Amino acid sequence: MGDQHFPKKTISSIFILTGAGISAESGVQTFRDKDGVWSKVRIEDVATPEAFARDPVRVHEFYNTRRAGLRTVEPNPAHFALARLEERYPGQVTLVTQNVDNLHERAGCRNVIHMHGELAKAFCAHCGGKAEAAGDLSQALVCTSCNAPGGMRPDVVWFGEIPYHLDTIYERLMEAGLFVSIGTSGAVYPAAGFVAEARAAGIRTLELNLEPSEGTVLFDEARHGPASVLVPAFVKDMLADRPA
Ligand code: APR
């Protein structure tokens, strides 16, 4: 696992996985860093279906605060660099994010796969009806699909629930020539297992992270530093022989 530049001409498609670290420099808190989200609140109290059944007000408060926070942050150079890559790379670029923020979209990415859902979306726990969630959610909201109150919940995948779009994700991962993991600790499966799947399929793997993740030894190459520096440099390298 030395420093090596990938021969771009052999990389037909790129699969990118992002985590909270790519949004850290935008001012969005990560989960497991010092003073991270999970150092202040317990997962069992706000991020499980049981927590929502037990104390929906507390769960709504937690997500309403994070959703309101989205209005105070902006994409950073790492988000914009991935939008450039998506737009200009000649091969397929698949962007899968564990993040529930909308910073990839606000930076111009058009095909973002949110495997853990999105803060800006909601669905009804009674009927599954989907809705946008621009502002606060509460027990008072009535579902526009089934007209029942009290069921609207954040469209975020909680611990114990199955992430979204896994079929598409594994299909694209297996087709990729390069797997790039950006800003994730490698602590939560199934995302944390993508690097091992890629390796087993003979796909080149690259980690761009502030510090070595839990799975760093599995990567062919690991570059450590802030995403706002590493990601634009990576994208510049991948687009080097493209017309400006
Ligand atoms: N640039 C690059 N990486 C960074 C930066 C930065 N500026 N700041 C922090 N990081 C790295 C940290 O070193 C860490 O490895 O980002 C990673 C963030 O890890 P976590 O806080 O665990 O976030 P993430 O990996 O996205 O968590 C995965 O866990 O709680 C669930 O559903 C939640 O999607 C989340 C999942």
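Key figures for this structure:
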read-out	value
Relative contact order (%) - criterion: Cα under 8 Å, at least six apart; region: the range 160-244	24
Principal semi-axes in Å for the range 109-176 [√(5λ), Cα gyration tensor, largest first]	27, 12, 10
Listed residues Gly128, Gly151, Gly21, most fluctuating in the chain (Gaussian network, C-alpha, under 10 Å)	Gly128
Normalised contact order of the range 71-111, rounded percent, pairs of Cα under 8 Å and 6 or more residues apart	57
Solvent-accessible area of Asp220 with every protein chain in place, 1.4 Å probe, in Å² to the nearest 10	40
Contact order normalised by residue count of the chain, Cα under 8 Å, 6+ apart, percent	24
Compactness index (Cα Rg / 2.2 N^0.38 Å), the chain	1.04
Hydrodynamic radius (Kirkwood) for the range 106-244, which is based on Cα pairs only, to one decimal in Å	17.6
Highest-fluctuation residue, Val100, Val46, Val217 considered, GNM on the chain with Cα pairs under 10 Å	Val217
Table column - 3J(HN,Hα) (Hz), the range 64-77, Karplus curve with 6.51, -1.76, 1.60, x for Gly and Pro	4, 5, 5, 5, 4, x, 4, 6, 10, 10, 10, x, 10, x
Around Pro212: net Lys/Arg minus Asp/Glu count, Cβ-Cβ under 13 Å	-3
Cα centroid separation, the range 59-109 to the range 116-143 (Å)	20
Average accessible surface area per residue within the range 7-105, 1.4 Å rolling probe, Å²	45
Per-q log10 I(q)/I(0), the range 137-206, q = 0.14, 0.24, 0.28 Å⁻¹ (Debye; single scatterer per alpha-carbon; no solvent)	-0.60, -1.09, -1.30
For the range 13-53: rounded, prolate or oblate by the Cα gyration tensor [a/c cutoff 1.5]	oblate
Eligible aspartates and glutamates near Lys130 by straight Cα distance, threshold 18 Å, same-chain separation 8 or greater	Asp101, Glu118, Asp155, Glu161
Per residue, in Å², the accessible surface of the range 177-228 once ligands and nucleic acids are set aside, probe 1.4 Å	38
Estimated Rh, the range 68-129: Kirkwood, alpha-carbon pairs, angstrom	12.9
Computed magnitude of the charge dipole of the range 131-185 (debye, nearest 20; Cβ of K, R +1, Cβ of D, E -1)	100
Of all accessible heavy-atom area on the chain, the percent that carbon and sulfur account for (1.4 Å)	54
Three-way shape label, the range 163-244, alpha-carbon gyration tensor, a/c 1.5	oblate
Degrees, to the nearest 10: 227-238 long Cα axis against longest axis of the chain	50
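The values are calculated or read from the model by the stated rules, or taken from the named source; none is laboratory data. Note that the structure is a prediction, hence the values are computed from the model and not measured. Using ideal geometry, Cβ is built from the backbone for each residue, glycine included, and neighbour counts are taken over all protein chains shown. Note: areas computed on protein heavy atoms with side chains; ligands, DNA, RNA excluded. Shrake-Rupley method; radii C 1.70, N 1.55, O 1.52, S 1.80 Å.
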